Amino acid sequence: MLRVCSSSGLWAPLVLLFLPALTLSEFFTAGGSGAGHAEESEWFDLSYPIDEDTIFYPGQKYEGFELSKDVQGFNQTATGNYPFWYAQYSFCMGEHGGTHVDAPFHFNKLGWKLNEIPLKRLVDVPAAVIDVETDVFALRNPDEFALEIKHIMEHEAKYGQIPFNSVVLVRTGWARYWPNKQRYLGWNNSTGHSPTMHFPGLSGPAADWLVRERHIVGLGIDSPSPDLGNAAANQVVHIITLGSQVYIIENVAYLDVLLKKTRKQPQFGGVAHSNCNLRLFVLPMKTGGTGAPARILAHCKPNVVDSHPHGAVGSTPTHFSQY
Ligand SMILES: [Zn+2]
């Protein structure tokens, strides 16, 4: 159930910054370039729309999204011959709902708040997608899957080393339950609420390995949290990553679409590879808070060899990592 925001005017100006939520098909039409042509650059929107279906992490003051129409209509009192259309909305929501970024300060007293994360860690960042959906749903209890170091090793053996200073996105396949709140959060009774949650995530050692050995700047997942639902009490992945100034992206959307369109599978065995130099644009709202909804955009550049290896023209990278 939605709660009504307090009457503070704090949120009103933020509506001007709130990007309209396009559906994926609309996005391709509006901003995609050459969708369906692997040789051309493509953009992908990895964010869920923010609306009444948005799922929030439990325990916040506002566990819902409220969009209220302050004004909407033609202004009949305009001082000209023609009335003009005027619409202005207000919205209210908790920080940790939908596709959103956790700032280091969320679990790190000395960590960056959202507006303090350096832009170079958010914009045009190399990215890797570790797809473990098959492993997750091979288990009797998929909601107890924890990504381990061995899964990272398997990914690197197949797709190459995860780039340093990248954002790692973990695809568990849990997005199939969005926006069914009870299934997605893994509440195991029918009351609509439960003290325990059940969904897949990462083990502490795997998160620690990514931070120490690959120096990741961000960790994303297509579930409510990189900490397993049943491990919410200790939050070890949050503490390890945010404690090292590595931000988290929760409820990452549409990774299936991204992989389907950009990742080649080996036809006759051998090493699989992507046809994509994947870059991420992580755009949370500029608040001084512990987290906020974010637009997550992925850019797939054609994976071609640079014809200017000395970088004399533009800033074309001299090599491309797989993802
Ligand atoms: Zn969060």
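For residues in segment 39-59 being exposed (fewer than 15 other Cβ atoms within 10 Å of the Cβ) and at pLDDT below 95, which is farthest from A87 (Cα to Cα)?
Out of the qualifying residues, it is E39.
Within segment 159-178, work out how many residues are in contact (Cβ under 8 Å) with a residue 40 or more places away in the chain and either among the small types (G, A, S) or surrounded by fewer than 16 Cβ atoms within 10 Å (Cβ to Cβ) (or both).
Matching residues across segment 159-178 total 7.
From the set of residues in segment 60-92 that are free of Cβ contacts under 8 Å to residues at least 24 places away in the same chain and of a type in the set (A, V, I, L, M), which is nearest to the ligand (Cβ to nearest atom)?
Filtering segment 60-92 for residues that are free of Cβ contacts under 8 Å to residues at least 24 places away in the same chain and of a type in the set (A, V, I, L, M), the one nearest to the ligand (Cβ to nearest atom) comes out as A87.
For segment 223-242, which residues satisfy the criterion of being in a loop (DSSP other than H, G, I, E, B) and under 14 Å from F107 (Cβ atoms)?
So the first thing to find is which residues in segment 223-242 are in a loop (DSSP other than H, G, I, E, B), and the list is 223-228, 232-235.
Those that are in a loop (DSSP other than H, G, I, E, B) and under 14 Å from F107 (Cβ atoms): S225, P226, D227, A232, A233, N234, Q235.
Six or more apart or on different chains, Cβ under 6 Å: which pairs go from a residue in segment 206-230 that's β-branched (V, I, T) to one that's in a helix (DSSP H, G or I) and away from the ligand (no atom under 13 Å from the Cβ)? Could you list them?
Pairs that qualify, where the first residue is β-branched (V, I, T) and the partner is in a helix (DSSP H, G or I) and away from the ligand (no atom under 13 Å from the Cβ), are I216/L210; V217/R121.
Give me the pairs: first residue in segment 278-291 and without any contact (Cβ under 8 Å) to a residue 60 or more places away in the chain and over 13 Å from H96 (Cα atoms), second residue in a strand (DSSP E or B) and within 13 Å of the ligand (Cβ to nearest atom), beta-carbon distance under 8 Å, and six or more apart or on different chains, which are they?
Once the first residue is without any contact (Cβ under 8 Å) to a residue 60 or more places away in the chain and over 13 Å from H96 (Cα atoms) and sits in segment 278-291, no partner that is in a strand (DSSP E or B) and within 13 Å of the ligand (Cβ to nearest atom) comes close enough.
Please specify each residue of segment 93-115 satisfying the condition of being over 24 Å from Y184 (Cα atoms), surrounded by fewer than 23 Cβ atoms within 10 Å (Cβ to Cβ) and either hydrophobic (A, V, I, L, M, F, W, C) or free of Cβ contacts under 8 Å to residues at least 24 places away in the same chain (or both). Give the steps one after another, and end with the answer.
The first filter runs over segment 93-115 and keeps only residues over 24 Å from Y184 (Cα atoms), leaving 104-105, 108-115.
Filter again for surrounded by fewer than 23 Cβ atoms within 10 Å (Cβ to Cβ), leaving 105, 108-113, 115.
Once the filter is applied, which keeps residues that are over 24 Å from Y184 (Cα atoms), surrounded by fewer than 23 Cβ atoms within 10 Å (Cβ to Cβ) and either hydrophobic (A, V, I, L, M, F, W, C) or free of Cβ contacts under 8 Å to residues at least 24 places away in the same chain (or both), segment 93-115 yields F105, K109, L110, W112.
Hey, R212 hits all of (1) more than 16 Å from the ligand (Cβ to nearest atom); (2) at pLDDT below 95 but one; which does it fall short on?
(2)
The values are calculated or read from the model by the stated rules, or taken from the named source; none is laboratory data. Since the structure is predicted, the reported quantities are computational estimates derived from the model, not experimental observations. Cβ atoms come from the backbone with ideal geometry, glycine included; neighbour counts cover every protein chain shown.
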